[in-house]
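One structure is given below, encoded as structure tokens.
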Amino acid sequence: MTAPTQHSEQDTARDIADAAGLRIAVSDWYDAHAADLLAFLAARTSNLDVARDLAQEVWASVWTHAAEFDGQHLRGWLFQIARNKLIDWQRQRQEQPMTDETAARLTANDVTDGSNDERLAAVRPCVELLDPTRRSVVEARLRGESFDTISQQTGTPVKTAMTQFHRAKQQLKECLERRVS
Amino acid sequence: MLVACDIPEDSTQLADWLEQQLVGLQLGDLVAMLRAVHGDGDGPSLEDVCDGKLSEVVQHGLGRLEISQLQGLLVHPKRLLELQERVFLDGGDHWRTVPRTTEHLQAAAVGWALLPVRSSPLASPFSSSTLAASSPLNANENGDRTGRSAHPTSRSRGAWWVAGVAALVAALLLMFWTPPRADSLAWGWNRPGTFVADVTADQYLDRLADRADEWSARPHDTLDQLRRDLTDFRRACVTLLAASHDRLPPSQREELLKRCRKWRDKFDTQLAALEAGGNANDIRQEADKTVGSLVTALRQRFAS
């Protein structure tokens with residue numbers, strides 16, 4: 001998604017010469033970018049509450065450092081702040097203290113993979129519990145294939161394939177609920 | 001976590017569905033489930049998965065991909081996270097039209113109410129007590145930092161009552177927030193093409209005035225109607241503030257943005273009054289007056 005035009009971003013950078021202008025600028029930035037920033041953080045943290053907390057930290061930083069924005073690429077600036085907050089968060093969660101050298105090498109993709117690994121660890125055992133028939137239907141549906149296609153490929157009647165998928169979904173749901181509780 | 005099980009059966013819907021996941025709050029869950037089912041290898045690059053069409057996708061959306069390429073994104077799910085970042089950083093206007101859920105917009109809106117911006121609107125951010133020593137662009141410059149930011153948040157400040165009122169306004173406002181629609185039900189500035197720079201500056205401002213004036217032809221006899229249209233107009237202000245207005249000379253563009261912020265604030269006040277149980281007739285009259293003066297300002301090129 002494109003940021004507001006370079007002209008308007010430069011205008012807002014100039015606008016923040018006083019506190020009232022700053023509030024207006026940050027308010028506009030928030031209106032335009034908060035939802036996407038939250039989605040970015042939600043995909044890279046373990047749950048929405050953590051994402052919200054980090055988002056608030058990001059915007060608090062934006063408010064404090066708005067005068068440093070040079071008007072060139074607002075989204076790049078905002079998302080760089082978000083990446084750094086993610087790295088800080090991931091650093092805090094390491095069991096062993098992270099060295100500065102390791103932290104310096106840590107990229108946002110590393111953070112991404114690390115946080116998604118938690119969700120993967122939650123769901124993988126449940127997938128592995130599916131019997132081969134249900135697993136096969138789930139794999140096909142999660143490739144985007146229709147039940148008609150699955151039926152043609154496997155020789156299973158459409159309704160049977162739908163039932164198998166529904167039961168697999170139910171089994172996954174119950175397994176995940178047990179793991180969470 | 002089971003959002004992956006909602007992958008549409010109809011392959012013609014897959015692009016739209018996947019776009020909504022890319023900009024929504026459940027992408028992490030989707031990616032995790034796809035990884036569990038399809039395996040965790042890195043696989044081909046994002047560019048290869050998109051078969052050389054990545055830049056088109058970033059500009060114009062997933063509709064540019066064939067079904068096989070969309071399926072490629074599903075079986076190489078780590079690429080979805082990469083694609084999300086590309087879209088958020090460099091995405092074209094297409095991605096602005098992808099609907100966000102109400103829950104998503106509410107979650108984003110409520111966060112605003114908790115920021116120090118709201119709680120101390122006239123406080124200067126440039127005092128020594130608020131300027132942090134470290135820049136937010138450097139995560140590692142302070143060896144003794146905890147993972148959390150050292151910047152003061154609203155939790156360490158007072159004025160919770162202001163944040164509370166603002167949170168109420170934001171949350172109630174967003175209860176009725178619907179994603180932008182590209183269909184024929186959109187009206188006023190939400191109509192497609194409103195901000196396209198295909199006319200002269202005068203025609204552009206006249207178009208804005210004409211579309212804003214559609215308010216006067218719409219029924220506002222019930223609270224729901226009034227609330228809906230105030231919310232729509234308020235949302236349209238956000239879109240106007242983000243548009244480029246390429247046809248307008250700088251001075252007019254600046255004036256338009258300045259006025260729009262004031263109109264937006266008035267709509268916020270009127271919506272808050274509505275939700276607080278204020279007199280609907282009075283609020284309707286106020287809203288009519290706001291829109292009337294907005295239309296006049298546009299037609300008179302901000303002379304009024």
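The values are calculated or read from the model by the stated rules, or taken from the named source; none is laboratory data. From a predicted model like this one, the values you see are computed outputs, not experimental measurements. All Cβ positions, even for glycine, are placed from backbone atoms using ideal geometry, and neighbour counts span all protein chains on display. Side chains included, ligands, DNA and RNA excluded: accessible areas come from the protein's heavy atoms. Shrake-Rupley method; radii C 1.70, N 1.55, O 1.52, S 1.80 Å.
Across peptide B:16-24, the average count of Cβ atoms from other chains found within 10 Å of a residue's Cβ is 2.
Other protein chain C-beta atoms within 10 Å of residue C-beta, averaged over B:5-12: 4.
State whether segment B:1-107 is rounded, prolate or oblate according to the following rule on the C-alpha gyration tensor (a ≥ b ≥ c being the square roots of its eigenvalues): a/c under 1.5 gives rounded; otherwise a/b larger than b/c gives prolate, and the remaining case gives oblate. Note, shape of segment B:1-107 comes out rounded.
If you plug the beta carbon distance of B:Glu214 and B:Ser251 into 1/(1 + (r/R0)^6) with R0 = 45 Å, you get a FRET efficiency near 0.95. With each label modelled as a point 7 angstrom along the Cα→C-beta vector, the A:Arg178-B:Asp10 pair spans 3.7 nm. Give, as ranges by residue number, the residues of segment A:115-147 whose backbone N falls under 12 Å from the point 7 Å along Cα→Cβ of A:Gln153. Correct set: A:136-147.
For the pair B:Asp51 and B:Asn279, label points projected 7 Å from Cα toward Cβ lie 6.5 nm apart. Centre-to-centre separation between the Cα atoms of segment A:158-181 and those of segment B:193-222: 50 Å. Taken along the Cα-to-beta-carbon direction at a fixed 7 Å, the label points for A:Ala67 and A:Asp49 span 3.7 nm. The distance from the alpha carbon centre of segment A:136-152 to that of segment B:253-299 is 52 Å, rounded to a whole number.
Accessible surface buried by the A/B pair amounts to about 7500 Å², both sides summed, 1.4 Å probe. Could you please state, rounded to a whole Å, how far the C-alpha centre of segment B:1-76 is from the C-alpha centre of segment A:26-40? Segment B:1-76 and segment A:26-40 have Cα centres separated by 24 Å.
Rolled with a 1.4 Å probe across the full set of protein chains, the surface gives B:Trp17 an accessible area near 40 Å².
A cut-off under 12 angstrom between Cβ atoms defines the neighbours of A:Ala168, and their net charge, with Lys, Arg +1 and Asp, Glu -1, is +3. Counting, for every residue in A:84-91, the Cβ atoms of other protein chains within 10 Å of its Cβ and taking the mean gives 5. Within a straight-line Cα-Cα reach of under 30 Å, B:Lys262 can be paired with the following lysines, leaving aside sequence neighbours fewer than 8 residues apart in one chain: B:Lys289. At an R0 of 22 angstrom, the distance between the Cβ atoms of B:Arg228 and B:Thr101 translates into a FRET efficiency of 0.75. Along its three principal directions, the equivalent ellipsoid of segment B:191-271 from the Cα gyration tensor extends over semi-axes of 24, 14, 9 Å, largest first.
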